[in-house]
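Working notes, beginning with the structure itself.
The values are calculated or read from the model by the stated rules, or taken from the named source; none is laboratory data. Keep in mind that what you see is a predicted model, and the values were worked out from it rather than measured. Positions of Cβ are backbone-derived with ideal geometry, glycine not excepted, and every protein chain shown enters the neighbour counts. Quick note on the areas: whole protein, heavy atoms, side chains included, nothing else; ligands and nucleic acids left out. Shrake-Rupley method; radii C 1.70, N 1.55, O 1.52, S 1.80 Å.
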Amino acid sequence: MSASNNMRSAGRSRWLLRRMEPYLLLLPAMLIVLAFFAYPIVKAVQLAFMHYVLFDPSHIGYSGLDNFKALLKDANLPRILLNTLFWVVATVGLQFVLGFALALALNKKFRGKNVYQAIVFLPWAVSAFLVGMIFKWMFNQQNGLINHLLLQLGMIDKPVAFLALPHLSIIPVIIAMIWYGVPFFGIMILAALQSVPHEIHEAADIDGAGRIKQLFAITIPYIKPTLVLTLLLRVIWVFNSADLIYIMTGGGPANSSDNLPSYVFSKIGYSADYGQASALGVLMLVFLTLYTIVFLRVTKYREAGEL
């Protein structure tokens, strides 16, 4: 009886171990996600409802909706929201158009294709800090390349302070971000284009369909899942991006080139107000969640790729 009980116990242990094995294998990844994703979000939400200014440690405590009310009264917020919208739409829109054109060009066979492909994808391998410093120098008023070329062409009479004019300072940053992000769309769309079966285009050629008609009737519908996913991810990344703004303009002059993420940095760096910065971060999370839901419904992602 004892041996029989031991065998049953061992059998139950092995059965339980097999049932638990997937969860045990996933445990390290789950712990990493909890440590680096879930905990920061929970902490940010907590700080959003606190008065947490490092310069005022004696009054740290829960303050309800005060941080959100303060943000609504912030005179800079409407301008920063418009900047963020312009930043995302202009950057992602031009990145997508140029990246799509680049992918279509590289999808054809020509001499030196591999070398050319390596060159045009090079910006994606450069750090954002270096990109920001290069474009900051290019748009410099005193010795920048852009001012030098415009003077040589006679388009301006004197150097222009591109990075110091309130209504112009965000444009050079957008140009830098476009240059930096075009390879992402180029790589992703090129990979999708190479997955389109040649037989479909051959059949369309036999039917007399032109290249433009094939592009809109065959190619784009076929690679729609890739287009939707890359647009979704790129909008989120660009929306959350503040490194080039911080390096090139610092959000100035007078917050004229700030977007929401760079304004969060300003709240932390200049006023040390972690409460308002966290409240702004929570609002950004809400905006991105709503955008993701609406975007996937509008683009009908579940039906994507059906010809």
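Straight-distance candidates among the aspartates and glutamates for linking to residue 73, with alpha-carbon spacing under 18 Å and chain neighbours fewer than 8 residues away dropped: 258, 273. Measuring max minus min along each principal axis, the C-alpha atoms of segment 45-190 give extents of 68, 42, 24 Å (largest first).
Annotation for residue 198 and residue 229: the two label points, set 7 Å from Cα along the Cα-Cβ direction, are 2.5 nm apart. Which residue, chosen from 114, 76, 89, occupies the Cα position most advanced towards the positive end of the dipole of segment 60-114, where the dipole is computed from +1 (Lys, Arg) and -1 (Asp, Glu) charges on Cβ about the Cα centre? Positive-end residue among those listed: 114.
Extension gain for residue 33 to residue 165 (0.36 nm times residue separation, less C-alpha to C-alpha distance): 43.3 nm. Site pair residue 293 and residue 53 shows an inter-label distance of 3.5 nm when each label is modelled 7 Å from Cα along Cα→Cβ. Calculate what fraction, in whole %, of the accessible area of segment 256-295 sits on carbon and sulfur atoms when a 1.4 Å probe is rolled over the protein chains. Roughly 79 percent, rounded to a whole number.
Highest mean packing comes first when the peptides 53-62, 81-90, 158-167 are listed by Cβ atoms within 10 Å, giving 81-90, 158-167, 53-62.
For segment 132-228, the per residue solvent-accessible surface stands at 56 Å², with DNA, RNA and ligands left out and a 1.4 Å probe.
Both radii were evaluated on the Cα set of the chain; the Rg over Rh quotient, with Rh as the Kirkwood radius, amounts to 1.11.
Normalising the average separation of contacting C-alpha pairs (under 8 angstrom, six or more residues apart) by the number of residues puts the relative contact order of segment 51-146 at 9 percent. Dividing the summed -39500 (n - 2.57) terms of all DSSP H runs of n ≥ 4 by the residue count of the chain sets its mean residue ellipticity at 222 nm at -21000 deg cm²/dmol. The mean sequence distance of close C-alpha pairs (under 8 Å, at least 6 residues apart), as a share of the length of the chain, puts its relative contact order at 27 percent. For residue 108, a cut-off of 19 angstrom between C-alpha atoms picks up these lysines, skipping any fewer than 8 places away in its own chain: 213. For segment 109-172, the fraction of 1.4 Å probe accessible surface lying on carbon and sulfur atoms is 66 percent. For the set 43/69; 136/158; 43/224; 69/136; 136/224, the pairs lying more than 27 angstrom apart at their alpha carbons are 43/224; 69/136; 136/224. Within 10 Å, at most 13 other Cβ atoms, and a DSSP state outside H, G, I, E, B define an exposed site. Report the longest part of the chain free of exposed trypsin sites (Lys or Arg not before Pro). That would be 112-299.
When only the Cβ of Lys, Arg, Asp and Glu is charged (+1, +1, -1, -1), the dipole of the chain relative to its Cα centre reaches about 820 debye. The stretch between residue 128 and residue 211, if pulled fully straight at 0.36 nm per residue, gains 26.2 nm over its current Cα-Cα span. With a ≥ b ≥ c taken as the square roots of the eigenvalues of the C-alpha gyration tensor of segment 45-101, please select rounded if a/c is under 1.5 and otherwise prolate if a/b is larger than b/c or oblate if it is not? Here segment 45-101 falls in the prolate category.
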